[in-house]
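Heads up: the structure comes next, in structure tokens.
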Amino acid sequence: MSAPVASRPAEPPQPGPVVARTRDELKAARSLLADGDVAVVMTMGALHDGHATLIRTARQRAAHVVVTIFLNPLQFGPREDLSRYPRTFDSDMEICRNAGVDLVFAPTPDVIYQDGDPGVRISAGPLGNVLEGQARPGHFDGMLTVVAKLMHLTRADSAYYGQKDAQQLLLIRRMVRDLDFPVEVVSVPTVREPDGLAMSSRNTYLTESDREVALSLSRALQAGAAAAAEGPSAVRRAARAVLVREPLVLVDYLVLVHPSTLEDVPEWYRGEALLAVAGRVGTTRLIDNLPINVGPGGGALEVFSDVPSAALDQ
Ligand code: AMP
């Protein structure tokens, strides 16, 4: 006689993250996360699998995960896409719930900038004036100012950022080092669609044909990486050759630069370098990059080796 099959009790529903909208709500919810370290993942919302990967990586390494969702007006120029930026709070919460986030801080600008436009800001310095900084004056000062504020407000022990925004990641590392923030910065490799397009909240602006055109950005990077063994000019030439075949990408820059100075690497250079591209497709400005190793046996890297990497630890 077979034993009766005991029916398994239903899984308890995943408790959703606590949502804090004000400084007081954040303070109260944060004080409950006292039994272990806290990681923060800062986002502008419209979450996709790139963000979810940051959250999951943080979840594996820290006792608690805080996600911030804040569209920071300080880092958008007057002609940029702040007003049309996608706002998808309900699905963002679903992603946070599934990824096991403890606390979501989703303030409005008046909560973050309680006295209006801040008179005192973080200056990104010279590294903030090149590449993205040249195309978007003031962007990195605005970005660093809010990152500093969110680090203070969340009192995070570690903060997770995507390699997708390589210059942002570099500047946050510099700020934390130069200004002695007690926060560990962790980088996470770029998450891509199956066809290679780097995931981005801005991809939702792309029409079907734009999306096809946009693929030439990641293809150019791959072509550059494939030429890495032959040296810097071969990398640049191979990447450029892909982009010139796609006139519908209005290329802003395509560079091979040193990962910490962002200066063009000379022809004799061998070692880690950042191959970065930015361009406009239709009405959308897109960026992408690949860390690569230039020289014999070279090619694409996931992230640079001299920085703590969640991925390399796994
Ligand atoms: P955003 O919401 O665009 O400000 O991005 C928030 C964080 O997610 C930043 O650290 C980004 O670098 C990171 N991120 C955005 N897209 C990706 C991606 N495709 N892969 C990995 N990280 C990403």
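The values are calculated or read from the model by the stated rules, or taken from the named source; none is laboratory data. Bear in mind the structure is a predicted one, so any value in this text is a computation, not a measurement. Methodologically, a virtual Cβ is constructed for each residue, glycine included, from the backbone with ideal geometry; neighbour enumeration extends over all protein chains shown.
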Some residue of the stretch 273-293 being assigned to a loop (DSSP other than H, G, I, E, B), touching a residue at least 24 places away in the same chain (Cβ under 8 Å) and touching a strand residue (DSSP E or B) at 6+ places or on another chain (Cβ under 9 Å): no
With the structure loaded, tell me whether Leu170 is over 23 Å from Arg23 (Cα atoms), within 14 Å of the ligand (Cβ to nearest atom) and crowded, with 16+ Cβ neighbours inside 10 Å or whether it fails that test. yes
Which number in (1) under 16 Å from the mean Cα position of the chain (by Cα); (2) more than 7 Å from the ligand (Cβ to nearest atom); (3) not hydrophobic (A, V, I, L, M, F, W, C) marks the one condition that Asp165 misses? (2)
Filtering the stretch 236-266 for residues that are touching a helix residue (DSSP H, G or I) at 6+ places or on another chain (Cβ under 7 Å) and part of a strand (DSSP E or B) leaves a count of 5
Residue check: is Ala311 at negative phi, at pLDDT 95 or above and in a helix (DSSP H, G or I)? no
Residue pairs, Cβ under 6 Å, 6 or more apart or interchain, first in the stretch 55-79 and under 16 Å from Val111 (Cα atoms) and in contact (Cβ under 8 Å) with a residue 12 or more places away in the chain, second surrounded by fewer than 18 Cβ atoms within 10 Å (Cβ to Cβ) and among the hydroxyl-bearing types (Ser, Thr, Tyr). List them. Leu71/Tyr85
Restricting to the stretch 47-70, and then to whatever is in a loop (DSSP other than H, G, I, E, B) and in contact with a strand residue (DSSP E or B) (Cβ under 9 Å, 6 or more places away or on another chain), can you tell me which residue is farthest from the ligand (Cβ to nearest atom)? Ala63
Of all residues in the stretch 209-235, which are crowded, with 21+ Cβ neighbours inside 10 Å and either aromatic (Phe, Trp, Tyr) or in a helix (DSSP H, G or I) (or both)? Ala214, Ser216, Leu217, Ser218, Ala220, Leu221, Gly224, Ala225, Ala228, Pro232, Val235
Please work out which residue is nearest to the ligand (Cβ to nearest atom), limiting yourself to the stretch 29-46 and to residues that are in a loop (DSSP other than H, G, I, E, B) and hydrophobic (A, V, I, L, M, F, W, C). Met44
Report, by residue number, each residue of the stretch 186-217 that is away from the ligand (no atom under 11 Å from the Cβ) and among the small types (Gly, Ala, Ser). Gly196, Ser209, Ala214, Ser216
Identify the single condition in (1) at pLDDT 95 or above; (2) more than 23 Å from Ile172 (Cα to Cα) that Thr283 does not satisfy, given that it satisfies every other one. (1)
Considering only the stretch 92-128, state which residues are of a type in the set (Phe, Trp, Tyr) and surrounded by fewer than 21 Cβ atoms within 10 Å (Cβ to Cβ). Tyr113
Yes/no for Arg21 being closer than 15 Å to Asp92 by Cβ and surrounded by fewer than 19 Cβ atoms within 10 Å (Cβ to Cβ): yes
Boolean, Arg84 is touching a strand residue (DSSP E or B) at 6+ places or on another chain (Cβ under 6 Å), touching a residue at least 24 places away in the same chain (Cβ under 8 Å) and either farther than 23 Å from Thr145 by Cβ or not in a strand (DSSP E or B) (or both): no
